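The values are calculated or read from the model by the stated rules, or taken from the named source; none is laboratory data. Every value quoted in this text rests on a predicted model; they were computed, and no experiment measured them. Using ideal geometry, Cβ is built from the backbone for each residue, glycine included, and neighbour counts are taken over all protein chains shown.
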Amino acid sequence: MLIGSGRAKAFEIKRLRQEASTREYFRLNSKDGSHIGVFSPPSTELNEQFIFLSDFFKKAGVTVPEVLFSDTKKGLMLIEDFGDNSYQFSLNQKNHHHLFSAAIDEMICIHQCPTHPNLPSLSETKMASQMHLFEEWFLVGLLGLKVGQVEKQMISNLYQEVLNDLVQQPQVLCHFDFETRNLMVLENGHTGVLDFQDATFGPIFLDPVSLFKDLYFDISDEEINNMLKEYISRSAELNLMEKLDIQDVRKSFDLTGLQRQLRILGTLSRLHLRDGKAFRLPDLIKTLYFVIETSSKYFELKDFAEYLKKKVSPALSLTLKGIL
């Protein structure tokens, strides 16, 4: 496989962990070091966008892996190896503030990126369609629940409440899945950022809520508020928040989390039902917990929270018991 003007021959190939996408990853070890080989089917994956964003982000100072070789027609790439120390398995109660602070550096660097013709925007219609996956694939598809007219209206009201807030937020370039699965602890102390091909302009709290309400590492509500304050303070210094006119920052953060978590409930259900991948189904439990916890905080969403507690949560437990 060509790298620059020479050839690198791997003498050891190791398959890496399974992901929710159709991409496959391999570590290729050779005398020149290790690299990551990627098979990314061009029919289903955004390979050209990944290659573009790798270059775009590196020029903007974001710590992303360099694409060393690519054949987009065959869906093959060779990329820089960021090692095995993911945030998902490295975070603990002693280091999480330091690691989160380093991650915020990368997050803000992404949020500072300028517009570009190759960068999409997360429109209100798109955000709504993402939430609709919750009904189609999670409630009906996976759980087999019948959603009556009263429930449909309640869910529709929830969607509108969320969208009314998200469209008013400052719009910045977002990673879109800035979660611990996609962040790496690097030897130089920086945070490596992976899986950025879905980057899009969207609500400013989309990436903070992805990190601070992660499925794999819990921090207290007080810590979430403190990290959110740190993010806002550092963003304000760089004028990212100069147009921020939000009466209740934490509520905007929470509603952004609802949009994300409803999407995740739908996409992980679809991953199992359509693509035959059940390994992320256990994540539905924590995701639904987040939705119930957040909805319970706000009077206008309490009916939805009660619906989730009484009908949806028991149905999920029963469904997962029959699958896992």
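Tell me the helices (runs of 4 or more DSSP H) entirely within segment 70-179 that contain at least 1 residues that are over 26 Å from ALA236 (Cα atoms) and of a type in the set (S, T, N, Q).
On the way: elements: 87-90, 96-111, 124-133, 149-166.
In segment 70-179, the matching helices (runs of 4 or more DSSP H) lie at 87-90, 124-133, 149-166.
Do we have any residue at all in segment 43-50 that's over 30 Å from THR115 (Cβ atoms), modelled with pLDDT under 95 and of a type in the set (S, T, N, Q)?
First, the residues of segment 43-50 that are over 30 Å from THR115 (Cβ atoms): none.
Within segment 43-50, none of the residues are over 30 Å from THR115 (Cβ atoms), modelled with pLDDT under 95 and of a type in the set (S, T, N, Q).
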Quiz item: Exactly one of (1) more than 19 Å from MET154 (Cβ to Cβ); (2) part of a loop (DSSP other than H, G, I, E, B); (3) of a type in the set (D, E, K, R) is unmet by LYS297. Its number?
Solution: (1)
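Going by the structure shown, is ALA305 surrounded by fewer than 14 Cβ atoms within 10 Å (Cβ to Cβ), of a type outside the set (D, E, K, R) and in a helix (DSSP H, G or I)? Give the steps one after another, and end with the answer.
On the way: surrounded by fewer than 14 Cβ atoms within 10 Å (Cβ to Cβ): no; of a type outside the set (D, E, K, R): yes; in a helix (DSSP H, G or I): yes.
Judged against the criteria, ALA305 is not a match.
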Exercise. Evaluate segment 217-237: report whether one residue or more is at pLDDT below 95, outside any helix (DSSP H, G or I), surrounded by fewer than 20 Cβ atoms within 10 Å (Cβ to Cβ) and within 17 Å of the chain's Cα centre (by Cα).
Key: yes
Quiz item: Before we move on, is LEU53 assigned by TED's automatic domain parsing to the domain that holds MET184 and buried (at least 16 other Cβ atoms within 10 Å of the Cβ)?
Solution: no
Quiz item: surrounded by 19 or more Cβ atoms within 10 Å (Cβ to Cβ) and aliphatic (A, V, I, L, M): does that describe LEU206?
Solution: yes
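Look at segment 106-127 and say how many of its residues are within 15 Å of SER210 (Cα to Cα) and surrounded by fewer than 20 Cβ atoms within 10 Å (Cβ to Cβ). Lay out the reasoning, then the answer.
Going through segment 106-127, the residues within 15 Å of SER210 (Cα to Cα) turn out to be 106-108, 110-111.
Filter again for surrounded by fewer than 20 Cβ atoms within 10 Å (Cβ to Cβ), leaving 108.
Adding up the residues that qualify gives 1.
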Quiz item: Condition test on LEU99, is it closer than 26 Å to VAL67 by Cα and modelled with pLDDT of 95 or more?
Solution: yes
Quiz prompt | Which numbered condition ILE264 misses (of (1) assigned to a loop (DSSP other than H, G, I, E, B); (2) under 11 Å from the mean Cα position of the chain (by Cα); (3) of a type in the set (A, V, I, L, M, F, W, C)) | solution = (1)
Exercise. Filter segment 61-79 down to residues that are more than 21 Å from the chain's Cα centre (by Cα) and either surrounded by fewer than 19 Cβ atoms within 10 Å (Cβ to Cβ) or of a type in the set (Lys, Arg) (or both), then give me how many there are.
Key: 7
Quiz item: In segment 180-206, what count of residues is obtained for those that are out of contact with any Asp or Glu (no Cβ under 9 Å at 6 or more places or on another chain) and either part of a helix (DSSP H, G or I) or outside the structural domain of SER295 (by TED's automatic domain parsing) (or both)?
Solution: 1
Quiz item: Within the group GLY276, GLY257, GLY266, which residue is without any contact (Cβ under 8 Å) to a residue 24 or more places away in the chain, within 27 Å of HIS132 (Cα to Cα) and assigned by TED's automatic domain parsing to the domain that holds LEU166?
Solution: GLY276
